Amino acid sequence: MSTDRVKLPTGFGRLWTAQTVSSLGDGVSHAALPLLALTLTRDPMALAVVTAAGTLPWLLFGVLGGALVDRWDRRRTMWVMDAARAALLAAPAAAAALDALSIPLLAAVAFLLGLGGLFFDTAATAYLPDLLGRDPALLERANSRLRGAQTAMSGFAGPPAGSALLALGRAVPLLADAVSFLISALLVRSLPAMPRPVPEVRESLLRQARAGASYVFRDRLLLGLALRPAVGNVAFIAVETVLALFAHDRLGIDTYGFGLLLTAEATGGLLGAGIASFLGRRLGTGTALTCTAAVEGLAVLGLAAAPDPYVAGLALAVCGAGMGATMVLGPSLRQAIVPARLMGRVASTSRMLAMCAAPFGAFLGGWLATAYDVRTPLYAAAGLLLAMTAVTASMTGNRRVEAALRAAAPAAAPPHAPDRPASRAPVQEGAIQDGAIQDGAV
């Protein structure tokens with residue numbers, strides 16, 4: 001039976017449901033938190049502090065977190081982190097109800113939520129290939145559904161709901177997000193347990209973390225896949241930091257309209273996730289990744305020049321489509337070519353590069369808006385995205401992608417083979433044709 005007809009396992013349905021519910025709560029908070037911060041201050045640098053705080057855990061603990069996930073039970077890590085984040089949200093909800101919210105409190109909560117997200121996301125990335133038998137086509141299909149649901153909930157349904165719930169009370173959207181984490185934790189706990197790859201020799205945590213980082217930096221394809229979101233996060237976080245202020249002051253958008261603006265981006269993201277596999281088959285995964293990067297840069301340029309909310313919404317929708325396709329094709333490719341014993345460390349190293357870049361984007365956006373104009377961060381972000389497209393195009397080209405997939409195809413590799421990049425291993429001909437991963441998703 002061809003792989004595209006093989007059904008995804010039952011456990012994937014529970015994982016999909018858990019992430020769908022959690023993404024809805026994230027979407028509620030995504031709209032509510034910047035609006036809550038705006039009720040406390042209109043200083044762009046203060047807003048940047050809250051935005052950057054959520055990304056700092058990746059800077060401080062990213063690689064070590066991946067090494068820990070490769071030691072821990074990945075399913076248990078996921079549900080414990082979700083339960084902890086549900087309990088954490090009680091603090092800002094209580095402060096909001098008592099009219100005691102502050103920028104330092106919001107920044108502290110953002111930091112701790114980011115720390116929980118570090119362990120959850122790394123464990124989920126490592127768990128999925130084991131659940132699906134590391135099949136490239138099934139990974140792409142599964143990731144497409146996960147990304148589509150995440151986009152629909154966190155961007156399409158969540159932001160308007162967050163704006164509406166905020167009108168009922170400042171604590172309401174925070175409580176809604178807490179409930180979503182709790183439901184997700186219960187669903188994840190019911191997933192099947194997967195065996196952990198056991199290292200042949202017990203090494204120190206630092207040595208294992210260093211091995212995972214070295215694996216990424218020694219391989220041009222993996223490094224290119226990591227640089228895309230790293231540079232992209234500088235640009236996108238710079239935009240996100242001033243987006244609420246830009247929408248209010250330059251486009252005349254009110255609180256509810258801001259939620260609709262975010263929904264436009266999510267609508268594009270949903271479309272991008274849906275057509276990612278088609279783009280990969282038609283263009284090849286490498287070429288498709290280059291095209292989506294160019295689309296993102298041009299769309300942000302259009303947003304910067306937008307004269308009204310309608311043009312801004314269209315630009316965000318196009319940008320979301322590029323991001324949605326990228327976030328299906330890139331992670332699926334990485335999951336297909338990285339050995340299971342290294343998946344947590346490689347995933348966390350790649351994510352760390354992306355997330356460590358985010359604080360720079362937050363402060364860049366705040367500084368440019370303060371020193372020049374609120375549109376300036378958007379123009380700077382567009383320039384960064386287009387420059388990144390040119391730099392990474394050859395690193396993630398079709399030929400390099402094909403070689404990596406063929407090298408990773410043999411399933412009988414020794415369980416404790418030396419830690420070397422898959423794209424440098426001997427190539428087995430005929431495993432994948434036309435440089436495209438078939439019928440899959442992130």
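Which condition number in (1) surrounded by fewer than 23 Cβ atoms within 10 Å (Cβ to Cβ); (2) under 28 Å from Leu33 (Cβ atoms) is the one that Leu243 fails?
Evaluating Leu243 over (1) surrounded by fewer than 23 Cβ atoms within 10 Å (Cβ to Cβ); (2) under 28 Å from Leu33 (Cβ atoms) leaves (1) as the failure.
Return the only residue of Ala321, Ala380, Ala393, Ala371 being farther than 24 Å from Ala46 by Cβ and either without any contact (Cβ under 8 Å) to a residue 12 or more places away in the chain or surrounded by fewer than 24 Cβ atoms within 10 Å (Cβ to Cβ) (or both).
Answer to the selection: Ala393.
Just one of Trp58, Trp16, Trp79 is of a type outside the set (A, V, I, L, M), crowded, with 24+ Cβ neighbours inside 10 Å and assigned to a helix (DSSP H, G or I); which is it?
Trp58
Scan region 120-145 for residues that are open to solvent by 30 Å² or more (accessible area, probe 1.4 Å) and either within 20 Å of Val346 (Cα to Cα) or outside any helix (DSSP H, G or I) (or both) and jot them down.
The answer is Asp121, Thr125, Asp130, Gly133, Arg134, Asp135, Pro136.
Pairs only if they're at least six apart or on different chains, beta carbon under 7 angstrom, first in region 269-296 and open to solvent by 60 Å² or more (accessible area, probe 1.4 Å), second aromatic (Phe, Trp, Tyr); list them, first residue then second.
Pairs found: Leu270/Phe156.
Only one residue in Gly148, Gly212, Gly162 is over 25 Å from Leu227 (Cα atoms), crowded, with 23+ Cβ neighbours inside 10 Å and under 21 Å from the mean Cα position of the chain (by Cα). Which one?
Just one listed residue meets the conditions, Gly162.
The values are calculated or read from the model by the stated rules, or taken from the named source; none is laboratory data. Treat the numbers as computed from the prediction; the structure is a model and nothing was measured. Note: ideal-geometry Cβ built from the backbone for every residue, glycine included; neighbour counts use all protein chains shown. Ligands, DNA and RNA are excluded from the accessible area calculation, which covers all protein heavy atoms including side chains. Shrake-Rupley method; radii C 1.70, N 1.55, O 1.52, S 1.80 Å.
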